[in-house]
1. Taking region B:56-81 as the region of interest, how many residues are within 9 Å of chain A (Cβ to nearest Cβ) and buried (at least 22 other Cβ atoms within 10 Å of the Cβ)?
2. For region B:82-106, enumerate the residues that are polar (S, T, N, Q), touching a helix residue (DSSP H, G or I) at 6+ places or on another chain (Cβ under 8 Å) and surrounded by fewer than 22 Cβ atoms within 10 Å (Cβ to Cβ).
3. Assuming B:Arg138 fulfils every condition listed in (1) over 27 Å from B:Pro21 (Cβ atoms); (2) facing chain A (nearest Cβ under 10 Å); (3) more than 16 Å from DNA strand C (Cβ to nearest atom); (4) surrounded by fewer than 22 Cβ atoms within 10 Å (Cβ to Cβ) apart from one, which condition is it?
4. Run B:Asp133 past the list (1) within 14 Å of chain A (Cβ to nearest Cβ); (2) surrounded by fewer than 20 Cβ atoms within 10 Å (Cβ to Cβ); (3) assigned to a helix (DSSP H, G or I) and report the number of the one that doesn't hold.
5. Which numbered condition in (1) within 11 Å of DNA strand C (Cβ to nearest atom); (2) in contact with a strand residue (DSSP E or B) (Cβ under 7 Å, 6 or more places away or on another chain) is the only one that B:Arg199 fails?
6. Got a sec? Which of B:Ala160, B:Ala209, B:Ala169 is in contact with a strand residue (DSSP E or B) (Cβ under 8 Å, 6 or more places away or on another chain) and within 13 Å of DNA strand C (Cβ to nearest atom)?
7. Is there a residue being at pLDDT below 95, outside any loop (DSSP other than H, G, I, E, B), surrounded by fewer than 17 Cβ atoms within 10 Å (Cβ to Cβ) and more than 16 Å from DNA strand D (Cβ to nearest atom) anywhere in region B:107-123?
8. Report, ordered by the first and then the second residue, all pairs with beta carbons closer than 8 Å, sequence separation of six or more or different chains, a first member in region B:178-200 that is within 14 Å of chain A (Cβ to nearest Cβ), and a second member that is within 8 Å of DNA strand C (Cβ to nearest atom) and β-branched (Val, Ile, Thr).
Protein chains: 2
Amino acid sequence: MRRASGNARAVGLRQVATPAPLALELRALYPSLTDLPLESTALEVLDVSAGTRLFDAGAPCAGFPLVLEGEIQVSRAASDGRQLELYRVGPGEICIVSAAGLMSNRPLNAQGTAAARTRLAMMPPNLFARWNDHKPFRQFVFGVFADRLGDLMTLVDAVAFHRLDERLAGFLLERGRVIHTTHQALADELGTVREIITRLLNRFESAGAVKLGRERIEIVNATALQSLSGSALKSP
Amino acid sequence: MRRASGNARAVGLRQVATPAPLALELRALYPSLTDLPLESTALEVLDVSAGTRLFDAGAPCAGFPLVLEGEIQVSRAASDGRQLELYRVGPGEICIVSAAGLMSNRPLNAQGTAAARTRLAMMPPNLFARWNDHKPFRQFVFGVFADRLGDLMTLVDAVAFHRLDERLAGFLLERGRVIHTTHQALADELGTVREIITRLLNRFESAGAVKLGRERIEIVNATALQSLSGSALKSP
DNA sequence: ATCTGTCAGTGACGTAAGTTACTTAGCCCA
DNA sequence: TGGGCTAAGTAACTTACGTCACTGACAGAT
């Protein structure tokens, strides 16, 4: 964590804190920033390793994250240690919990963790407010906001109306043929505990849908898995 | 359902479709509309009875509802007939599912039903887009948007991590001392079935927390109910 | 080669919640 | 005052999930 220093205002110039390569990178990932004065703005850049907690539920939002590389996992934690993933934020995407925290000036209602080594630029709260007056940026933010809201409703639906085996099967299908992860991580994404994941995965293996290994799940029969999922992923 | 008619443009004037009293009423409930040209705009006004379906999941959003009187219940339905209330929209409030539908141009991801006799003005999609350029309106919409998002997270949390008795107890406490509703309606709000509500309410009655009657629940010991709820309503 | 920590497997058990299939109660209106 | 409707009670049963308390398996460090 590094803060831009120096005092350019002393010589009557605006502070130039965002190096040109970073501005370029940002504009490539977030085209809606194109016409904004990135170069004359202090954006803090963080480079964190997998597992780093980036923000906590209950805390005020410290800034709006622009992900350059990696992925942030946003989830909700229960008092008994279980947790449930709400969504992930990758490069070029935005975090609606942060946006909501900034727009309503309320504490964040979820926690964010780096799911991998992650590099991100932090847009300070006042800057976020100011740049929302810029129509392209605003439209981008609120477009994604709206999309994520839909995802969240689908999640509510899944949690309220679907069995865990369906949800797990659907989840695996979204992750490609070979998945490298632990049972605990899967449990944390689905809001359950490790043992249940183990049990369900073993069932899937007995059914011939997957092959299991240490931190490894290979889908050997996607069709079977699909039918196990009951196609639980339909949005509306 | 009544559509404003006439063709004022034929005589070179903008269409004047919103009568002054309605404009007044709207501005009283939605102050962020103050500086917008309500009078020169065609706003359809609907007056519907309790139970009327106002929009369906999967359909495109027909307009942005401004509630004048009554209440809209927004919920998500499962294929087995169960349904789960996401939130309600009263006078002066806004519906984020509609807003999201308009901003992302995607089908709505929940259904809306009048929870009582409801009167509302419908802002057409293109008007909503246009008026979002007006800062006070925009800030109002997105402020509420952000707030509701928080509610939604709390809902996810409740559904994923809390028992139904806790949720029911909490729900009752929010509804005042005497509640007039059916067990089925409660089930539809919490995402379960009627029998379970009956069972739980009877337990609450045995515990001396409530007194039951036909379409009537009276809370006789709020403290007891509170402890049954496990204070399951904490947000973050 | 052994140690140590993480990851995975397992079985017994408890219980919240949904399902089925009724019966009973209360209310409206003819 | 007796149908006919909807709301509510109920009991027996099933099942998905979670909890507990382990044991075993593997990988990198020493």
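1. 1
2. Residues of region B:82-106 that are polar (S, T, N, Q), as a first pass: B:83, B:98, B:104-105.
Imposing the further condition that a residue be touching a helix residue (DSSP H, G or I) at 6+ places or on another chain (Cβ under 8 Å) reduces the set to B:83, B:104.
Scanning region B:82-106 gives a single hit, B:Ser104.
3. (1)
4. With (1) within 14 Å of chain A (Cβ to nearest Cβ); (2) surrounded by fewer than 20 Cβ atoms within 10 Å (Cβ to Cβ); (3) assigned to a helix (DSSP H, G or I) applied to B:Asp133, the lone miss is (3).
5. Against the list (1) within 11 Å of DNA strand C (Cβ to nearest atom); (2) in contact with a strand residue (DSSP E or B) (Cβ under 7 Å, 6 or more places away or on another chain), B:Arg199 comes up short only on (2).
6. Working: B:Ala209 fails: within 13 Å of DNA strand C (Cβ to nearest atom); B:Ala169 fails: in contact with a strand residue (DSSP E or B) (Cβ under 8 Å, 6 or more places away or on another chain).
Only one candidate qualifies: B:Ala160.
7. Taking every residue of region B:107-123 in turn, none turns out to be at pLDDT below 95, outside any loop (DSSP other than H, G, I, E, B), surrounded by fewer than 17 Cβ atoms within 10 Å (Cβ to Cβ) and more than 16 Å from DNA strand D (Cβ to nearest atom).
8. B:Ala187/B:Val193; B:Ala187/B:Ile196
The values are calculated or read from the model by the stated rules, or taken from the named source; none is laboratory data. Quick caveat: nothing in here was measured; it's all calculated off a predicted structure. Positions of Cβ are backbone-derived with ideal geometry, glycine not excepted, and every protein chain shown enters the neighbour counts.
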